[in-house]
Amino acid sequence: MPKHALRNVMTTSSALVGALALSLTGGTAHASASLDYVALGDSYSAGSGVLPVDPTNLLCLRSTANYPHVIAARTGAHLKDVTCGAARTKDFTTSQYPGVPAQVNAVGADTDLVTLTIGGNDNGTFINALTACGTAGVLSGGKGSPCKDTHGTSFTDQIDTNTYPALKSALRAVRAKAPGARVAVLGYPWITPAEADPSCFVKLPVAAGDVPYLRDIQAHLNAAVERASEETGATYVDFSRVSEGHDACKPGGTRWIEPLLFGGSLVPVHPNALGERRMAEHTMSVLGLG
């Protein structure tokens, strides 16, 4: 083939490749730009207890190694992280602390992706259930189900009556601020195993019969989160399968959640660094990111 003909073929091929690339990316450079990503939520999203701590707001005890930062680092997303330890659903629309704006203020019309965990602090569900069952467990020497016997359905009743509608309201507020964003609501990874592990009592002093009771409360909360997500057009990220076998009773290096006592975090019963990474990875998998 003559040299000038070869050059013409190469030029034409390059043009075709370029045209194909433009068609696959939507024809503009903007399509390859990084996601505008806003992270909302409570301490499970903030990574409270995981080092290093974000020094810009110590009240929120936010980690720079939390799952939003992992997602942003692996996808190249532009992250605005307003997660805050102890956040409740109301803190999406009102200030949680002086100088800490309502979380939805970080979300706007240009936001592409929102992730969050929320609901566990409403009604004090997690802290009250763990405190009540831990105290009852110590007093009973780990026998029976004293927490369940005392509190019955009170925790799950509060989830149905108060937390569920508050979740829907909070998620609607996010949608109103960012109508075009993809919203991913993460469930809470398992804190307790399905059945009591006697060797775990020193780390998680809950009576044998109350271990499944606590797990049922968490499952009920996650179900409420899932239902609210579906009803507001959000994507629910389910951790019920992938976090099985990684609860607070498992050894370090396996567990995603630190135990109440003798753990490796200043904030017990919260995800450790491994847990935050696994939360990020599963979320990315569900959303098709990465």
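The values are calculated or read from the model by the stated rules, or taken from the named source; none is laboratory data. What you are looking at is a predicted structure, and each value in this text was computed from that prediction instead of being measured. As a convention, Cβ positions derive from the backbone with ideal geometry for all residues, glycine included, and neighbour counts pool all protein chains shown. Surface areas here come from the heavy atoms of the whole protein model, side chains and all, with no ligands, DNA or RNA. Shrake-Rupley method; radii C 1.70, N 1.55, O 1.52, S 1.80 Å.
Quickly run through region 249-269 and pick out the residues that are under 19 Å from Asp42 (Cα atoms) and modelled with pLDDT of 95 or more.
Quick first cut of region 249-269, residues under 19 Å from Asp42 (Cα atoms) only: 256-260, 265-269.
The answer is Trp256, Ile257, Glu258, Pro259, Leu260, Val267, Pro268, Val269.
Is it the case, given these coordinates, that Asp247 is crowded, with 21+ Cβ neighbours inside 10 Å, in a helix (DSSP H, G or I) and in contact with a Pro (Cβ under 8 Å, 6 or more places away or on another chain)? Criteria not met by Asp247.
Do we find that Ala106 is touching a Gly at 6+ places or on another chain (Cβ under 9 Å) and either at pLDDT 95 or above or surrounded by fewer than 18 Cβ atoms within 10 Å (Cβ to Cβ) (or both) in this structure? Break it down into steps so the answer makes sense when it comes.
Numbers: touching a Gly at 6+ places or on another chain (Cβ under 9 Å): no; either at pLDDT 95 or above or surrounded by fewer than 18 Cβ atoms within 10 Å (Cβ to Cβ) (or both): yes.
It is false that Ala106 is touching a Gly at 6+ places or on another chain (Cβ under 9 Å) and either at pLDDT 95 or above or surrounded by fewer than 18 Cβ atoms within 10 Å (Cβ to Cβ) (or both).
Summed over region 77-130, residues that are over 30 Å from Tyr213 (Cα atoms), polar (S, T, N, Q) and part of a loop (DSSP other than H, G, I, E, B) total 5.
Based on what the data block shows, is Ser63 under 12 Å from the mean Cα position of the chain (by Cα), open to solvent by less than 30 Å² (accessible area, probe 1.4 Å) and either modelled with pLDDT under 95 or closer than 19 Å to Ser265 by Cα (or both)? Here the answer is no, as Ser63 does not meet what is asked. In region 231-241, the count of residues that are hydrophobic (A, V, I, L, M, F, W, C), under 19 Å from the mean Cα position of the chain (by Cα) and closer than 18 Å to Phe126 by Cα is one or more. The residue that is nearest to Val114 (Cα to Cα), counting only those in region 44-60 that are open to solvent by less than 10 Å² (accessible area, probe 1.4 Å) and in a helix (DSSP H, G or I), is Ser45.
Tell me which residues, restricted to region 168-184, are of a type in the set (A, V, I, L, M) and not in a loop (DSSP other than H, G, I, E, B). Walk me through it before giving the result.
Let us first name the residues in region 168-184 that are of a type in the set (A, V, I, L, M), namely 170-171, 173-174, 176, 178, 181, 183-184.
Within region 168-184, Ala170, Leu171, Ala173, Val174, Ala176, Val183, Ala184 meet the criteria.
From the set of residues in region 187-215 that are open to solvent by 20 Å² or more (accessible area, probe 1.4 Å) and within 19 Å of the chain's Cα centre (by Cα), which is nearest to Val237 (Cα to Cα)? Ranking the qualifying residues of region 187-215, first place goes to Trp190.
Taking region 143-164 as the search range and keeping residues that are in a helix (DSSP H, G or I) and free of Cβ contacts under 8 Å to residues at least 12 places away in the same chain, which one is most open to solvent (accessible area, probe 1.4 Å)? Reasoning before the result, please.
Residues of region 143-164 that are in a helix (DSSP H, G or I), as a first pass: 146-151, 154-164.
After this cut, where a residue has to be free of Cβ contacts under 8 Å to residues at least 12 places away in the same chain as well, the list is 149, 154, 157, 161.
On the way: Asp149: 116, Ser154: 45, Asp157: 76, Thr161: 95 Å².
Of everything passing the filter in region 143-164, Asp149 is most open to solvent (accessible area, probe 1.4 Å).
Among the numbered conditions (1) of a type in the set (Val, Ile, Thr); (2) surrounded by fewer than 22 Cβ atoms within 10 Å (Cβ to Cβ); (3) over 16 Å from the mean Cα position of the chain (by Cα), the only one that Val286 does not meet is (3).
Collect the residues in region 251-267 that are of a type outside the set (Val, Ile, Thr) and in contact (Cβ under 8 Å) with a residue 24 or more places away in the chain, keeping them in residue-number order.
Applying the first criterion (of a type outside the set (Val, Ile, Thr)) to region 251-267 yields 251-253, 255-256, 258-266.
Of everything in region 251-267, those that are of a type outside the set (Val, Ile, Thr) and in contact (Cβ under 8 Å) with a residue 24 or more places away in the chain turn out to be Trp256, Glu258, Pro259, Leu260, Leu261, Phe262, Gly263, Ser265, Leu266.
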